[in-house]
1. Return yes when Leu496 is at pLDDT 85 or above, at negative phi and part of a strand (DSSP E or B) and no when it is not.
2. Among the residues of segment 272-304, write down those that are modelled with pLDDT of 75 or more, small (Gly, Ala, Ser) and under 30 Å from the mean Cα position of the chain (by Cα).
3. Looking at Thr154, Thr130, which is the one that is free of Cβ contacts under 8 Å to residues at least 40 places away in the same chain and either farther than 20 Å from Lys95 by Cβ or not acidic (Asp, Glu) (or both)?
4. Could you please give the count of residues in segment 205-227 that are in a helix (DSSP H, G or I), within 22 Å of Gly469 (Cβ to Cβ) and without any contact (Cβ under 8 Å) to a residue 12 or more places away in the chain?
5. Residues of segment 21-48 being in a helix (DSSP H, G or I), within 19 Å of Leu274 (Cα to Cα), in contact (Cβ under 8 Å) with a residue 12 or more places away in the chain and not hydrophobic (A, V, I, L, M, F, W, C), which ones?
6. Take segment 421-469 and flag every residue that is small (Gly, Ala, Ser), at pLDDT 85 or above and under 32 Å from the mean Cα position of the chain (by Cα).
7. Going by the conditions given, is Thr154 at pLDDT below 80, closer than 26 Å to Leu23 by Cα, surrounded by fewer than 17 Cβ atoms within 10 Å (Cβ to Cβ) and not aromatic (Phe, Trp, Tyr)?
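The values are calculated or read from the model by the stated rules, or taken from the named source; none is laboratory data. Here the structure is a predicted model, which is why all the values come from computation and not from measurement. Reconstructed Cβ throughout: ideal geometry from the backbone, glycine too, with neighbour counts over all protein chains shown.
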Amino acid sequence: MSFVIRLQWFFKQRWSQYAIAILFMAGVSLLSTLPPKMIGSTIDLIRTGSLTQEQLTKTVLTLVGLSLLLYGMTYVWLTTLFGNSALIERLLRGKLLAHLTKMTPGFFQRNSTGQLMALATNDVLAIGQTAGYGVMTIVNTVVGATVVIATMVTLIDYRLMLAALIPLPFLAIAINILGKKIRTRFIDAQAAFGKMNDHALESISGIRVIRSYVQEDHDLNAFDQVTTEVRDKNKKVSVFNALFQPLISLIVGISFTIGIGYGSYLVLAKEITLGQLVSFNIYLGMLIWPMISFGEFINVLQRGSASADRLDTALTQQADLHDVESPIELGQHVSSIEMKNLTFTYPTANQPSLVDINFRLERGQTLGIVGRTGSGKSTLMKQLLRQYAIEPSKLFISEVPIEQIRIEQMKSFIGYVPQEHMLLSKSIRENIALGKPDATEEEIAKAIEMASFTQDIAQMPEGLDTIVGENGVMLSGGQKQRVAIARALLIDAEMLMLDDSLSAVDARTESRILHQVRMERAGRTTLITTHRLSAVSHANWILVLDEGRIIEEGTHDELMLFGGWYKEQWDRQQMEASLEE
């Protein structure tokens, strides 16, 4: 019942399709009771010697016609029912992906990639099977068994029917016990499958590191242990699943034994005819499939219910951030960015990553953010991306608290280049145009020129149509960074955020890119985090972070006069650069 409740939105939407399928299934069950009756009557006519050629021809033609009619009706309900099964799989996968795109980083910390992949594959498939094959089995069980039992009572003998059905209650009890065990073990099997997905994903994405440390055998052994666990968990499911068929066959065999034994007694007592006994055994054989259907229904329902629970658990998890009821709509431009005593702690951390951050940046200015590794540079950037909740009235965009601005509008203001560049296994053109699919060739060429990537593309075998491979495996580190920079520059956003995104290019290429950015983005705001201080020497204001606190701030010239960490790093880097030259 919980399965129906969870998917009632789909059943309400497709009730007419299910009604047609169930109606045709019921019609097939009703019409299927006619051939056994006709066969039994024909046997009685043969036994009495009164069967004529005309009667035999009429019976055969009627049976052929019924077969064709049943074939057509079966085709209709099969295509209708299993079409809905395929449809719900598509809808659920789309719903899951749409949900994932709205989730914040905290969600993905709680749910591994492998588990989410298992939801989109095995779990959605199990739900689809329940919505298709499961409905078929329960309708066959209820309608088929009801029609056949009613026919037995009205056309044969109710005593014989009751005697033959004595074993059925034991079947229901056994199936209920097995169904509960299958549900528990299926949930464990799905969890193990998710772990296997995680391991496979990590091995494939990190294959270069594994090879460089000669850990192929170790990784294979670890993966073998994971797959063995998956096999063992699924084997436990199969063990209980395999008990269904022998159990049903045993119950059916007992029913046939009772039916033939007691039926033969009734024939000898002349209470039923031989033809009726033959018809009864055919009807009893027709009960085999409803019995099997019931067992299959319990099996499929338990799997589908377990998968629906897992999927519902993921879909009911909400994002950590939501728009306020009446958000403030900003104009087309961001006039200023200001932080006032902003302190931020990650949800899973004990210590704050940012402490009392204060700065103000006007439109058209550039902010440089530098500091040691782990000082909080990227964390400061992420506050503008609205990935985590922060204290109210600590971060202002155009004098408006950021929590009062729609998340989608805030994102539309930003062109972000993260430290880890995610490239799709598509062409360079498609990767650059990711944020603006309708970009013209001129716009793409301009973004490529600004990212100092024109010469590299000229050396590519297929130019912009070159496929970069999984996460840009065909490109060098510097080329990946410049593709990501071109992607951000293409959308020409109000704020450009470069999060240590020039670390893999040489100093001259960095200088050309920054020069192009300053020229083309005059009047637009830029934020840059970097370890190479030459990248921010032109900035209007520079923050030096250490353990999440601002220890120095000012222009390049002012920081050089302070003689602190910034000057020490600048002198060291300039000396290293001169030695390299």
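1. Yes: the conditions hold for Leu496.
2. Gly304
3. Values: Thr130 fails: free of Cβ contacts under 8 Å to residues at least 40 places away in the same chain.
The match here is Thr154.
4. Here is the first cut: in segment 205-227, the residues in a helix (DSSP H, G or I) are 205, 207-212, 216-227.
Subset that is within 22 Å of Gly469 (Cβ to Cβ): 205, 207-212, 216, 219.
Narrowing the set further to residues that are without any contact (Cβ under 8 Å) to a residue 12 or more places away in the chain leaves 207-212, 216.
Result for segment 205-227: 7.
5. Pro35, Pro36, Lys37, Gly40, Ser41, Thr42, Asp44, Arg47
6. Hits for segment 421-469 are Ser427, Ala433, Ala439.
7. Values: at pLDDT below 80: yes; closer than 26 Å to Leu23 by Cα: yes; surrounded by fewer than 17 Cβ atoms within 10 Å (Cβ to Cβ): yes; not aromatic (Phe, Trp, Tyr): yes.
When the stated conditions are applied, Thr154 passes them.
Conditions tested, residue by residue: (1) outside any helix (DSSP H, G or I); (2) of a type in the set (Val, Ile, Thr); (3) within 27 Å of Asn471 (Cα to Cα).
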| position | (1), (2), (3) |
| --- | --- |
| Leu162 | no, no, no |
| Ile173 | no, yes, no |
| Lys180 | no, no, no |
| Phe186 | no, no, no |
| Lys195 | no, no, yes |
| Asp198 | no, no, yes |
| Leu201 | no, no, yes |
